[in-house]
Amino acid sequence: MLGKSKLIIVFIAIFLITGVAPWVVSPYIVGVITMAFYFSVFVMSWDLLFGYSGEVNFGPTFQIGTGAYVTALLNLNTSLPIGICIIGGTVASIIAGLVLVAPALRLRGPYFGLITLVSVFLLGEMITIFAQYTGGEIGISIPAIITTNQITNFYLAWGFSAISAIAMTIIANSPLGLILQASAQDPQEAESLKFNITKYKILAFSVSALFSGLSGALLVIYLGTVSVSLVVSIAVVLQIIISAIIGGRRTIIGPVLGAFFIILLRQWLQPLEQLSYAVVSILGLIVLMLLPDGLISIFVGKR
Amino acid sequence: MRYLKLLVFIVGLVFISTSAALAVRPINVAIIAEEGTLVGDAIVNGAKLAVKQINAKGGVDGKPIKLFIYDDHMKATDAVQAFQRAVYDHHVVAVIGSWISEIALSLEPWAARLHTIYITTGAASPKITEKVHKNYRRYKYIFQLKYNAIEMAKTVCNFIHDDLANYHYKTAYVASENAAWTQPLDEEYLKCLPKIGIKVVGHLRFSPNTTDFTPIFSKIKAKNPDILITGWAHTGLQETVQWHEEKLPFLIVGINAQASTSDFWKKSNGATEGIITQAEGSPAPITSKTIPFVKSYEKMYNITPAYGGYTTYDAMYILANAIKKAKTTNTNKLIKALEATNYVGVMGHIKFYPKSSPFAHGIVYKKGLATGVMLQWQHGKLETVWPSYAATAKVFIPPFVKK
Amino acid sequence: MNVLELINVEKRFGGIVATNNVSFNVEENETLGLIGPNGAGKSTIMHLIIGIHRPNEGKIKFLGEEIQNLPIHKRIKKGIAVMFQHSRPLKRQSVLENIKVALLKDKISIKFPKDINKKAEELAKKVALQDFLNRHSEELPFGVIRRMELAKALALNPKLLLLDEPFAGLNHSEVKEFSEIVNSIEKQGFSIILIDHNVKAVYNMVDRMVAIHSGKVISIGTPSEVISNPEVKRVFLGEESSNFLEKKDNISDEEILSVKIKSLKYNKAEALRNIELKVNRGQFVSIVGLNGAGKTSLLKSILSLVKYEGEIYLEGKALHNLKTSEIVNLGMAFVPETRELFKYLSVEENLEIPMHDLDNKTLKERLDEVYSIFPKLKERRKQMAGTLSGGEQQMLVIARALVRKPKIMVMDEPTLGLAPIILEEISKILDYMHKELDLTIILAEQNLHFALKHSDVVHLLEHGNLICGCSRKEFSEKIGEKYLA
């Protein structure tokens, strides 16, 4: 209980501190933080699905990428209003999430993980094969723009991330979250406590896909471009997983910390070019050795 | 204590990331390019050479130009990030570069958002200027210092009409790599070739990641064309080598971007003998500035410039002139000055199309102003074969190609 | 009225019949004991009742309604609850929260019902958990966890409660505590099925018993009726003593192995305490005991596979500071319960691996030797080990241990899950090894009958203590009855 109230304090602190960023840091860093907010939602959604529902998901970008690309392609090829494109992308992302429910009910642990990994490769391949529509490896530009104002964009991402964090924290600590954790621990036992776990798996995948897909859609609209390296590639998957682990799994708020840590660190290490990936990974490992429960444990203690 | 640590951590990060943004006196210009690619490197080299020359002569009204060079790793997202960084952290007057249309198109909304001039010196998609034409108020920041794909196709057709008439070629096969810029290119090929009496016997597009061209060539051979018309930028080397080794009996004419620079002979081990490609410039008397430019460039980089070198070199001078004329770096005034460009550069006499043109802010393509050139590899040398006033040699047909 | 009724239920896994024409019923307010040795089919029956498996034939009726085709959660909603033997509670949640999970409705909801904490606390009280409410399940002893699991089952407000081996792994006082709780809840108006392999443990707690063996019901009735049934006696106690194999006459009195274990602990649970075991050269020593009594732990200690406090000497040489590999090199061979074969290697390759350091000639000789003992393995020497039958795999494991020409053979439950006819074959092999090869054999067995048949000395291991250490005749007279009831 004590841990939970501390988590809430950390949550409020993160969003208050970041909330003043546009008046403190350079506009470029504001842009970087804007992206970090969207990225933090990817990490939170992953944490909800893996940390709470126990689904070994090595392919969060399958949902994210589907949401992002469908939004982009709708916007590029139709005259639908931007809101509809975003909704369309999010729905596509949820469908992508539901596609994984069937294997998730049959396979466990690393076997399911493999399926999710394959789904990411498959999506990447499709994008490359249909390069005339998707722009292939390079990516495509998206004409739609919500707003050109950097500060508005920042607060849009800020608010979206905060609302997602609140929503997911509520879910994680609700009866629903408890049942999800019970089915993760032992599906048969959970079912023997009268829970129809199929229903809960469907829900967990939908919720995770809803947030990550929506975040992917908003991110690419903000950037005005979508590419494999932004929302699909395995490097993104790794970044999401590393962020969650560094931040502190199964806390929802920990992943937000982790996301910021990774994105800002990479920004700071940008002069190192390609080497920065390696340095980030090594620093991540060091953090993990010193704080096995993630950065969040600095604030809430060992769990 | 723990909270204090976090605060120190955040403040530290913020400090480090903002410290680069100190106000500077020179005129900052950003180059976003694909380092490690032929054209991308030429863009960077062309810019550096121009800046070196301009600054040696006292800069722009006494202010030196300072270049900020970003590698986008051929990723639209990296380019977008670089664009933001250039504007926010380095306060650049303009961003120049990228030869990939997808990337240029992704940068356009950011040029509009951040009210920053963006001149692409390599991307050929006509969609780039179409945006300026359709929504001038929003996209007036964008210029295309490069013939667009439609004009490139026209150059190829004009060349075939002017220089290959004697050989009575009748049929052609169009094969381009699949990318944003080759769509309008192919469309224009299919339109202009019949007009000059060449029948298109086949058309195919292949992935830029293709590594095995055997199935593609066997399709082409089946149609037995006289000429293979190309749109190649990511690819080119492998097709060229295979064509040479199998002694395929058709002439290769079109865009083969990698073949437009001197080291392609070595790279292809001489297989490029006879290849004909369009380019924005060449070591030929296109204007009086061209040959001196190529000489300085070669001296500095040990290679002749790929097309991005010509365009970016000119872009840098055009920008410097515009700043001189506008006497300010105010964006709106600078745009006006750029629109009024009337400058003889290394690639020709450059003017921009007005906003009423569908190619608004693209280079005016016209005989007497600027048209680009056609080059051919002959005996290890890259000769200019078209237009006649700039030609350094006559077209030559490789022995295994039908005449 | 019948709460539960099984009518001619049959379940097959591939070609194996796990339950064969099983019929029994559970009446209202009745506590029924479902007993049978390991592998008899008890768990299968439990799984069939709650829906983890569905029967191939027959019907299962709950309160008069057929349920055999319903999924688990629907059966639970009708009023069946189960307490699993191996439960996996939520580790990072408190006891209270674990109980709360069971109290939740199968409904997607963001808010907890208002009175859920009160209800959970009441349930906790029923199973004497009130002092552990805010503790995390990770840090609690087994007995407390078991009670928490019981509270979870009770939270479902069942009409029929299945308790799966509720006493397994508990120590003496915990067993007592738990039986008292079960006794107290028995009076609350629902039926219970108590599943256990230990007749003794449930004898006094049940109204009726169903005895299972090899997937078949062999006896139904009051506890005393079932216990006196000759077939039940045979299954649980073993054959008449006339079936004992002939005793070996030439056992030396030279001590080869001496074991003194003060204590062996897994976390906080003490698995063994004050064990003293002496084995003479050429002797066949059996250690019998129920599941969870500590047999495997004892064997593993001898091979240094687990950490323990104590001293073990082989021919006067101290083993307690040696690594397993060193002990094996001193002439100790281990036949683990889990077999640990290389499933994708052939029979011959499996045999060759332990002989990797021998020259080709010796290797050939050794192979021929074991093939002469196990002609079946010779026939199948090219076959993948994973495709052998259970009995053949067991032979392969024994053969693999033999090729190193050990002094002592330590065997853990070689009979587990094998059909009677195969037991006969294994039995002959053990006898041959014992008498012809003059091997010293230490056998841990649950199958008392099988152990008694061979042994020179039999020890009973109960709750971590070694009892008796007497000849087989003495054992069956003194301990045998106790072991059963």
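The values are calculated or read from the model by the stated rules, or taken from the named source; none is laboratory data. None of these values were measured; they are calculated from a predicted model. Glycine gets a Cβ as well: all are built from the backbone with ideal geometry, and neighbour counts include every protein chain shown. Side chains are part of the model used for accessible areas, which takes the heavy atoms of the whole protein and leaves out ligands, DNA and RNA. Shrake-Rupley method; radii C 1.70, N 1.55, O 1.52, S 1.80 Å.
For region B:31-39, check the following and say yes or no: at least one residue is at pLDDT below 95, in a helix (DSSP H, G or I), in contact with a helix residue (DSSP H, G or I) (Cβ under 7 Å, 6 or more places away or on another chain) and open to solvent by less than 60 Å² (accessible area, probe 1.4 Å).
yes
Starting from residues that are open to solvent by 70 Å² or more (accessible area, probe 1.4 Å) and without any contact (Cβ under 8 Å) to a residue 24 or more places away in the chain, keep the ones in region A:123-148 and report whichever is nearest to the other protein chains (Cβ to nearest Cβ).
A:Q132
Could you list, in sequence order, the residues of region B:187-215 that are outside any strand (DSSP E or B), open to solvent by 30 Å² or more (accessible area, probe 1.4 Å) and either more than 14 Å from chain A (Cβ to nearest Cβ) or of a type in the set (F, W, Y) (or both)?
B:L190, B:K191, B:P194, B:K195, B:I196, B:G197, B:D212, B:T214, B:P215
Among the candidates A:S53, A:S119, A:S79, A:S40, which residue alone is among the hydroxyl-bearing types (S, T, Y) and without any contact (Cβ under 8 Å) to a residue 40 or more places away in the chain?
A:S79
Which ones in region B:365-380 are in contact (Cβ under 8 Å) with a residue 40 or more places away in the chain, outside any strand (DSSP E or B) and under 26 Å from B:N342 (Cβ atoms)?
B:Y365, B:T371, B:G372
Which one is nearest to the chain's Cα centre (by Cα) among residues in region C:62-90 that are facing chain A (nearest Cβ under 7 Å) and open to solvent by less than 20 Å² (accessible area, probe 1.4 Å)?
Top of the filtered list is C:V82.
Could we say that B:L105 is under 16 Å from the mean Cα position of the chain (by Cα), open to solvent by 10 Å² or more (accessible area, probe 1.4 Å) and within 10 Å of chain A (Cβ to nearest Cβ) here?
Taking the combined requirement at face value, the residue satisfies it.
List the number of the failed condition for B:V93; all other conditions in (1) out of contact with any Pro (no Cβ under 8 Å at 6 or more places or on another chain); (2) away from chain A (no Cβ under 14 Å); (3) open to solvent by less than 10 Å² (accessible area, probe 1.4 Å) hold.
So the condition that B:V93 fails would be (3).
Which one is nearest to the other protein chains (Cβ to nearest Cβ) among residues in region A:149-194 that are free of Cβ contacts under 8 Å to residues at least 60 places away in the same chain, open to solvent by 50 Å² or more (accessible area, probe 1.4 Å) and more than 22 Å from the chain's Cα centre (by Cα)?
Filtering first and then ranking leaves A:Q188.
Output the helices (runs of 4 or more DSSP H) that fall wholly within region B:278-356 and possess 2 or more residues being polar (S, T, N, Q), crowded, with 21+ Cβ neighbours inside 10 Å and within 17 Å of the chain's Cα centre (by Cα), or say none.
Passing ranges, in order: B:307-326.
So how many residues does region C:134-192 have that are in contact (Cβ under 8 Å) with a residue 12 or more places away in the chain, acidic (D, E) and either over 22 Å from A:A182 (Cβ atoms) or outside any helix (DSSP H, G or I) (or both)?
The qualifying residues number 5.
So which strands (runs of 3 or more DSSP E) are wholly in region C:387-473 and hold at least 1 residues that are open to solvent by 40 Å² or more (accessible area, probe 1.4 Å)?
Filter on region C:387-473 gives C:457-462, C:465-470.
Which of the numbered conditions does B:V241 fail, given that it passes all the others? Conditions: (1) assigned to a loop (DSSP other than H, G, I, E, B); (2) among the β-branched types (V, I, T); (3) more than 25 Å from B:N158 (Cα to Cα).
With respect to (1) assigned to a loop (DSSP other than H, G, I, E, B); (2) among the β-branched types (V, I, T); (3) more than 25 Å from B:N158 (Cα to Cα), B:V241 is out only on (1).
Could you please give the count of residues in region B:109-123 that are touching a residue at least 60 places away in the same chain (Cβ under 8 Å) and under 20 Å from the mean Cα position of the chain (by Cα)?
Of the residues in region B:109-123, 4 are touching a residue at least 60 places away in the same chain (Cβ under 8 Å) and under 20 Å from the mean Cα position of the chain (by Cα).
If a residue has to be open to solvent by 20 Å² or more (accessible area, probe 1.4 Å) and part of a loop (DSSP other than H, G, I, E, B) to count, how many in region A:195-209 make the cut?
1
Can you tell me which residues in region C:114-128 are open to solvent by 60 Å² or more (accessible area, probe 1.4 Å) and assigned to a loop (DSSP other than H, G, I, E, B)?
Once the filter is applied, which keeps residues that are open to solvent by 60 Å² or more (accessible area, probe 1.4 Å) and assigned to a loop (DSSP other than H, G, I, E, B), region C:114-128 yields C:K114, C:D115.
Can you find even one residue in region B:244-262 that is assigned to a loop (DSSP other than H, G, I, E, B), within 14 Å of chain A (Cβ to nearest Cβ) and in contact with a strand residue (DSSP E or B) (Cβ under 9 Å, 6 or more places away or on another chain)?
no
Quickly run through region B:382-393 and pick out the residues that are surrounded by fewer than 16 Cβ atoms within 10 Å (Cβ to Cβ) and in contact (Cβ under 8 Å) with a residue 24 or more places away in the chain.
Scanning region B:382-393 gives B:S388, B:Y389.
Please specify each residue of region B:72-90 satisfying the condition of being at the interface with another protein chain (Cβ under 7 Å from one of its Cβ atoms) and more than 16 Å from the chain's Cα centre (by Cα).
Hits for region B:72-90 are B:K75, B:A76, B:T77, B:V80, B:Q84, B:R85, B:Y88, B:D89.
Got at least one residue in region A:243-257 being of a type outside the set (V, I, T), within 11 Å of chain B (Cβ to nearest Cβ) and crowded, with 21+ Cβ neighbours inside 10 Å?
Yes, some residue in region A:243-257 is of a type outside the set (V, I, T), within 11 Å of chain B (Cβ to nearest Cβ) and crowded, with 21+ Cβ neighbours inside 10 Å.
Residues of region A:258-294 being surrounded by fewer than 24 Cβ atoms within 10 Å (Cβ to Cβ) and part of a loop (DSSP other than H, G, I, E, B), which ones?
Across region A:258-294, the qualifying residues are A:L269, A:E273, A:Q274, A:L291, A:P292, A:D293.
When only residues in region B:195-249 that are under 21 Å from B:A259 (Cα atoms) and of a type in the set (G, A, S) count, which is modelled with the lowest pLDDT?
For region B:195-249, the residue satisfying everything is B:S207.
State yes or no: is C:R147 modelled with pLDDT of 90 or more, within 27 Å of the chain's Cα centre (by Cα) and surrounded by 16 or more Cβ atoms within 10 Å (Cβ to Cβ)?
Yes, satisfied.
Would you check if B:K223 is surrounded by fewer than 19 Cβ atoms within 10 Å (Cβ to Cβ), more than 14 Å from chain A (Cβ to nearest Cβ) and more than 28 Å from B:E34 (Cβ to Cβ)?
When the stated conditions are applied, B:K223 passes them.
Within region A:195-220, work out how many residues are of a type in the set (S, T, Y) and within 10 Å of chain C (Cβ to nearest Cβ).
Residues in region A:195-220 being of a type in the set (S, T, Y) and within 10 Å of chain C (Cβ to nearest Cβ): 2 in total.
Report the residue count in region C:91-107 for those that are surrounded by 13 or more Cβ atoms within 10 Å (Cβ to Cβ) and either without any contact (Cβ under 8 Å) to a residue 24 or more places away in the chain or more than 13 Å from chain A (Cβ to nearest Cβ) (or both).
Residues meeting the conditions: 4.
Find the helices (runs of 4 or more DSSP H) located wholly in region C:316-386 whose residues include 2 or more that are open to solvent by less than 50 Å² (accessible area, probe 1.4 Å), and list them.
C:324-329, C:347-352, C:360-373
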